[in-house]
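Written out below as structure tokens is the structure these notes cover.
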Amino acid sequence: MPDFITQNAVGDIKDVKVLSNSSQMKIQREAAVQANKDHVIVTGTHTHVSGPVQVPPQKIIRRNDLGPKK
């Protein structure tokens, strides 16, 4: 289940050190594509995001208040 759904996006907020292309990410990405919406992931400035997660149609938004501090 995504953390948010808007008119233009399906998204998830991840407060983690490492973000991988998990089955959850794959399912949400596919649901976004089928709904003709962006798949948005909000995560930390210093979170390591694996390569496959960074491939469009995903949009990564980085925030200082999430993920590892360094």
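The values are calculated or read from the model by the stated rules, or taken from the named source; none is laboratory data. Only a predicted model underlies this, so the values are computations on that prediction, with no experimental measurement involved. When we count neighbours, we look across all protein chains shown, and the Cβ atoms used for this are built from the backbone with ideal geometry, even at glycine. All accessible areas refer to the heavy atoms of the entire protein, side chains included, with ligands and DNA or RNA removed. Shrake-Rupley method; radii C 1.70, N 1.55, O 1.52, S 1.80 Å.
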*Using 0.36 nm per residue, how much length does the chain from ILE60 to ILE13 gain when fully extended, once their Cα-Cα distance is taken away?*
15.9 nm
*Could you check what % of the DSSP bridge pairs in the chain are antiparallel, to the nearest 5?*
10
_Unit charges at the beta carbon, dipole of the chain: most positive-side option, ASN36, PRO68, SER22_ = PRO68
*May I ask you to order 10-23, 38-51 by the average number of other C-beta atoms within 10 Å around their residues, highest value first?*
38-51, 10-23
*³J(HN,Hα) computed for each position of segment 42-59 - Karplus, 6.51 cos²θ - 1.76 cosθ + 1.60, integer Hz, glycine/proline x*: 9, 8, x, 4, 9, 5, 7, 9, 5, x, x, 6, 7, 6, x, x, 6, 10
_Relative contact order %, the chain, counting alpha carbon pairs below 8 Å whose residues are six or more apart_ = 35
_Amide hydrogen neighbours beyond the local backbone of ILE13, cut-off 5 Å, H modeled_ = ASP3, VAL42
*If you line up the Cα atoms of the chain on their principal axes, what length do they span on each, largest first, in Å?*
36, 21, 19
*Taking only protein heavy atoms and a 1.4 Å probe, what accessible area per residue, in Å², does the chain have with all protein chains in place?*
63
_List the residues, sorted by chain then number, that are 5 or more residues from VAL49 or on another chain and whose placed amide H is less than 5 Å from its amide H._
LEU19
*Relative to the first principal axis of the alpha-carbon coordinates of the chain, what is the inclination of helix 23-34, with its axis defined by its Cα atoms, in degrees from 0 to 90 and to the nearest 10?*
40
